[in-house]
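The values are calculated or read from the model by the stated rules, or taken from the named source; none is laboratory data. Worth saying up front: this structure is predicted, and the values here are computed from it rather than measured. Virtual Cβ from ideal backbone geometry, glycine too; neighbours counted across all protein chains shown. Accessible surface is based on the protein model in full, side chains and every heavy atom, while ligands, DNA and RNA are left aside. Shrake-Rupley method; radii C 1.70, N 1.55, O 1.52, S 1.80 Å.
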Amino acid sequence: MASSAAAAASFYRDREDAAPPSSGPGAMAAYDPNYVPDSVKTFVSHLYRHIRDRNVYETHQMYEGGFTRLSDRHFRDTPWPPAEAVAAHCDGDHVFLLLYRELWFRHAHARVQGLTPAQRAESWDNYCSLFSVILQGVVNMQLPNQWLWDMVDEFVYQFQSFCQYRAKLKNKTQEEINLLKQYDQAWSVYGVLNYLKALVEKSMIGEILEREKVGLEQFTATDGYDYEGGSNVLKMLGYYSMIGLLRVHCLLGDYHTGLKCLAPIDISQQGVYTTVIGSHISTIYHYGFASLMMRRYIDGIREFNKILLYILKCKQYHQNSPQYDQLLKKNEQMYALLAICLSLCPQDKLIDENVGTQLKEKYGDKMTKMHRYDDEAYAIYDELFSYACPKFITASPPVLREPYTNYNQDAYRLQLKLFLYEVKQQQLLSGIRSYLKLYSTITIGKLAKYMDVDEVTLRTILMTYKHKMHSIDSDGKVISSADFDFYIDEDIIHVVESKLTKNHGDYFLRQILKFEEMITQLDKGGAELQIF
């Protein structure tokens with residue numbers, strides 16, 4: 001799948017299961033697996049030659065453009081020819097045919113409707129074979145980072161898709177049930193996690209990133225490519241597998257482990273993960289969501305702000321990309337998550353002015369209502385969470401016996417229940433925050449009277465606020481998410497508000513840019529400078 005195939009498959013279907021529109025059920029009936037168009041023969045032979053010659057640029061051009069163009073022309077809603085039909089055009093190379101099958105199944109998941117459990121299991125077997133060959137260290141090739149990211153992303157997507165598929169039992173035929181029983185080992189959560197972890201460990205990517213910090217590696221400078229005759233495949237698959245592990249653990253609701261898996265990548269800096277737009281957005285989206293669910297609101301707000309500002313500035317450069325629509329969708333989902341974070345933990349000082357303007361236009365009214373913590377507010381929290389959350393899955397397969405029911409929404413309902421429970425726990429905290437923002441010191445008795453509660457209850461509320469505004473980071477340290485702090489000395493509450501550190505550099509840079517624009521206009525002739 002090309003980058004556009006990635007959009008139609010992995011990036012697109014991060015939230016949707018439906019395949020793109022098909023021209024009708026008769027398409028598969030007319031499909032001849034033995035027919036290989038001449039253009040496909042040429043494509044396969046040229047792609048094989050470029051991979052064998054380690055020509056990354058040409059491989060990327062064929063992967064990103066050629067595959068999609070041929071798919072649109074010949075296989076809009078049918079599979080590509082099977083690997084056996086094109087084997088003669090790549091000298092029957094085993095590793096190349098594994099890569100071809102990976103593209104074949106990715107295209108089928110994106111465009112062919114009604115995949116059977118057997119076909120899904122065959123895709124799993126092909127990934128197992130491909131990753132096993134790579135883990136054995138016998139692959140000496142350079143592949144584009146886009147392809148390697150799509151490979152990991154699609155691997156996780158197909159796992160997610162299969163878990164959703166097998167959990168929808170209500171309308172399945174007995175034949176489908178029997179096939180699920182037959183292929184019960186396909187796409188198991190343990191198998192998926194084991195392969196991703198094996199790629200991380202075998203590639204030694206954690207050690208590579210550590211050595212880079214002290215100047216002993218040039219991983220980021222080379223975008224992960226090997227210019228000394230080696231291969232980038234295992235190394236980059238290990239790198240992207242850390243992001244894949246974050247996504248899998250988010251789908252399972254294990255946010256702490258997911259963030260721990262991503263820890264070797266410093267997302268506060270530009271890195272290899274930012275060179276592929278899908279990788280960049282997936283990383284920050286899942287990192288931000290996991291941070292939200294673990295009450296690390298400041299971490300989530302900070303990263304959402306950065307990626308949304310990046311998209312705001314750079315989205316015009318992706319307008320012709322097939323991923324553009326899905327980039328915009330993820331953009332909208334992250335604005336919804338940012339609205340949730342800021343409603344639970346007001347931190348307007350961390351938001352860029354442009355992002356803040358966009359957020360206010362999209363969710364300004366809803367965020368005002370969310371601070372009320374009434375039934376309408378909970379409905380808005382429910383709506384935004386349901387729209388922006390990942391498509392959760394249940395790790396264990398369903399029991400395949402009658403009566404057959406659907407279990408595909410169980411994991412989502414559980415995560416929604418836990419989230420709304422957290423929101424309800426913060427109901428009184430908005431009131432306590434409003435009062436404390438007005439005072440530098442206030443007695444417990446006076447504040448209790450304002451809030452119409454007794455002093456014992458008020459102390460409980462204050463302790464709850466302390467608890468809810470603190471969380472544990474990846475290093476086990478307690479961190480605060482509040483924009484102010486307080487302590488109690490005898491019966492007096494002392495409030496300490498954090499002060500904003502002004503970034504004078506950004507101010508001067510903006511003024512310099514404005515000045516340069518004025519000079520440019522003057523040089524073009526005739527504009528008069530008015531000084532007020």
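Could we say that GLY230 is on the phi > 0 side of the Ramachandran plot and assigned to a loop (DSSP other than H, G, I, E, B) here?
No; evaluated as a whole, the condition is false for this residue.
Taking only segment 485-505 into account, find how many residues are of a type outside the set (Val, Ile, Thr), at pLDDT below 75 and either under 16 Å from ARG295 (Cα atoms) or open to solvent by 70 Å² or more (accessible area, probe 1.4 Å) (or both).
Residues meeting the conditions: 6.
Got a number for residues in segment 113-135 being touching a Lys or Arg at 6+ places or on another chain (Cβ under 9 Å), open to solvent by 40 Å² or more (accessible area, probe 1.4 Å) and of a type outside the set (Gly, Ala, Ser)?
Matching residues across segment 113-135 total 1.
Look at MET294 and say whether it is touching a strand residue (DSSP E or B) at 6+ places or on another chain (Cβ under 9 Å) and over 18 Å from ASN145 (Cβ atoms).
yes
Please state which of the following conditions ALA85 fails to meet, knowing it meets all the rest: (1) surrounded by 21 or more Cβ atoms within 10 Å (Cβ to Cβ); (2) under 15 Å from VAL40 (Cβ atoms); (3) touching a Pro at 6+ places or on another chain (Cβ under 9 Å).
Going through the list (1) surrounded by 21 or more Cβ atoms within 10 Å (Cβ to Cβ); (2) under 15 Å from VAL40 (Cβ atoms); (3) touching a Pro at 6+ places or on another chain (Cβ under 9 Å), ALA85 breaks only (1).
Go through segment 190-207 and give me each residue that's assigned to a helix (DSSP H, G or I), of a type outside the set (D, E, K, R) and open to solvent by 20 Å² or more (accessible area, probe 1.4 Å).
Within segment 190-207, TYR190, LEU193, ASN194, TYR195, ALA198, VAL200, GLY206 qualify.
Just to be sure before I move on: is LYS369 within 15 Å of LEU337 (Cα to Cα) and either charged (D, E, K, R) or more than 21 Å from the chain's Cα centre (by Cα) (or both) in the structure I sent?
no
Would you mind stating whether ALA110 is among the hydrophobic types (A, V, I, L, M, F, W, C), at negative phi and crowded, with 21+ Cβ neighbours inside 10 Å?
yes
Quickly run through segment 512-532 and pick out the residues that are at pLDDT below 75 and not charged (D, E, K, R).
Those that are at pLDDT below 75 and not charged (D, E, K, R): LEU513, GLY525, GLY526, ALA527, LEU529, GLN530, ILE531, PHE532.
Residue by residue through segment 403-425, note down the ones that are open to solvent by less than 50 Å² (accessible area, probe 1.4 Å), in a loop (DSSP other than H, G, I, E, B) and touching a helix residue (DSSP H, G or I) at 6+ places or on another chain (Cβ under 6 Å).
Within segment 403-425, ASN408 is the sole residue that qualifies.
Taking GLN158 and the conditions (1) closer than 30 Å to ASP410 by Cα; (2) in contact with a Gly (Cβ under 8 Å, 6 or more places away or on another chain), which numbered condition does it fall short on, given that it satisfies the others?
Unmet condition: (2).
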